[in-house]
Amino acid sequence: MSLSSGSAGNCYYLGDDLTGKAHCGVLIDAGVSVRALKNALQAEGLDMEAFGAVLVTHDHWDHVRNLASYAKRLKKPIWATEKLHSAFLGRGFCYPFMQSCRRDIEEGKWNEICGFNVRYFEVPHDATQTVGYAIAYGDRKFVIMTDLGRMTEEALSFARQAETVVIESNYDDYMLLHGPYTQELKMRISQGHGHLSNAECAEAIKAFWHPGLERIFLCHLSENNNTHEKATLSAAAALESLGVEVIGNPAPSGTSGLLAEASGSYISHTGSASLPGSGCAVRLLALPRTSPTPLFDL
Ligand SMILES: [Zn+2]
Ligand SMILES: [Zn+2]
């Protein structure tokens, strides 16, 4: 479930099997207020006990704005790299309650966090350090990579093993070039330590697609330099070039096995028998920038 995705704030919830009673989950990033978090979880029949930890991708404000209140009011363990925790200390987060919530995630190994196995990989972005996460639950794998200037081999290798990938599709090249931003900001976004464009995201999808891939969520879309339609069409074209059928709307939780109403965005199958993805299908959704999504079955 995405609670918010973009420069206004980023936060995602990943839970285990909600049909079980003793469910748990993790939050990725802390870009929404405690109140907004509570409301979004409540709308899905969940409460604050539905997650037992917060994972942090990097120290930009749209990802960590509410980290201190999560630590103080919710007393949830905060998992991040040692480098990021050190950066938080220097960014006005040097409260005792932050220290008691601090958990350092170990490099190059799977860390057990709330019943999930979590591994991080570094990505290029202009923060102190920026990471993506590979999260395994049973035999299911989920990968999130938000805020990255370019794709790396390591990120691709994790995505190639995942059924679900959340990947940044930040800007449309033409809109950025002709948009309102200063030349300096345009450069910051588009150089290798800024954000991933629709075209770069499409190339990445072609590189990591594998027959086991079931769904892609496009995240962190720019408000000024992108549209949901442009991002979706670009990613869909990449999948279709491989012969993969694209389904325009991941099925919300509780409808497993059934295709949800595609709300006008269904994109028809154009693959041919000679293409590698022929017979495969991927659900594709560009995440809303500020409103929460429903829970999705992964
Ligand atoms: Zn961001
Ligand atoms: Zn960032």
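The table below gives the values:
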| read-out | value |
| --- | --- |
| Residue in the range 119-132 that is more than 15 Å from GLY25 (Cα to Cα) and modelled with pLDDT under 95 present | no |
| Tally, over the range 38-78, of residues that are in a helix (DSSP H, G or I), of a type outside the set (Ser, Thr, Tyr) and more than 16 Å from ligand 1 (Cβ to nearest atom) | 14 |
| Test: residue in the range 177-188 that is within 18 Å of the chain's Cα centre (by Cα) and either modelled with pLDDT of 95 or more or among the β-branched types (Val, Ile, Thr) (or both) | no |
| Criterion (surrounded by 22 or more Cβ atoms within 10 Å (Cβ to Cβ), modelled with pLDDT under 95 and either over 18 Å from the mean Cα position of the chain (by Cα) or within 23 Å of MET98 (Cβ to Cβ) (or both)) met by exactly one of LEU41, LEU46 | LEU41 |
| Lone qualifier among HIS228, HIS195, HIS220 - being at positive phi and touching a strand residue (DSSP E or B) at 6+ places or on another chain (Cβ under 8 Å) | HIS220 |
| Matching residues, the range 191-223, being assigned to a strand (DSSP E or B) and small (Gly, Ala, Ser) | SER197 |
| Residue identified as in contact with an Asp or Glu (Cβ under 6 Å, 6 or more places away or on another chain), in contact (Cβ under 8 Å) with a residue 12 or more places away in the chain, surrounded by 19 or more Cβ atoms within 10 Å (Cβ to Cβ) and on the phi < 0 side of the Ramachandran plot among VAL131, VAL118 | VAL131 |
| Among (1) away from ligand 1 (no atom under 14 Å from the Cβ); (2) within 17 Å of the chain's Cα centre (by Cα); (3) in a helix (DSSP H, G or I) - the single one ARG35 does not satisfy | (2) |
| Within the range 194-238, considering residues that are within 16 Å of ligand 1 (Cβ to nearest atom) and surrounded by fewer than 16 Cβ atoms within 10 Å (Cβ to Cβ), the one farthest from HIS58 (Cα to Cα) | ASN224 |
| Every residue from the range 53-81 that is in contact with a Gly (Cβ under 6 Å, 6 or more places away or on another chain) and closer than 16 Å to LEU14 by Cβ | HIS63 |
| Matching residues, the range 79-115, being within 17 Å of VAL26 (Cβ to Cβ) and within 16 Å of ligand 1 (Cβ to nearest atom) | ALA80, LEU84 |
| Of the criteria (1) of a type in the set (S, T, N, Q); (2) more than 14 Å from ligand 2 (Cβ to nearest atom); (3) crowded, with 23+ Cβ neighbours inside 10 Å, which one ASN170 fails | (2) |
| Among the residues listed as ALA80, ALA87, the single one being within 16 Å of ligand 2 (Cβ to nearest atom), surrounded by fewer than 23 Cβ atoms within 10 Å (Cβ to Cβ) and among the small types (Gly, Ala, Ser) | ALA87 |
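The values are calculated or read from the model by the stated rules, or taken from the named source; none is laboratory data. Keep in mind it's a predicted model, so treat the numbers as computed, not measured. Methodologically, a virtual Cβ is constructed for each residue, glycine included, from the backbone with ideal geometry; neighbour enumeration extends over all protein chains shown.
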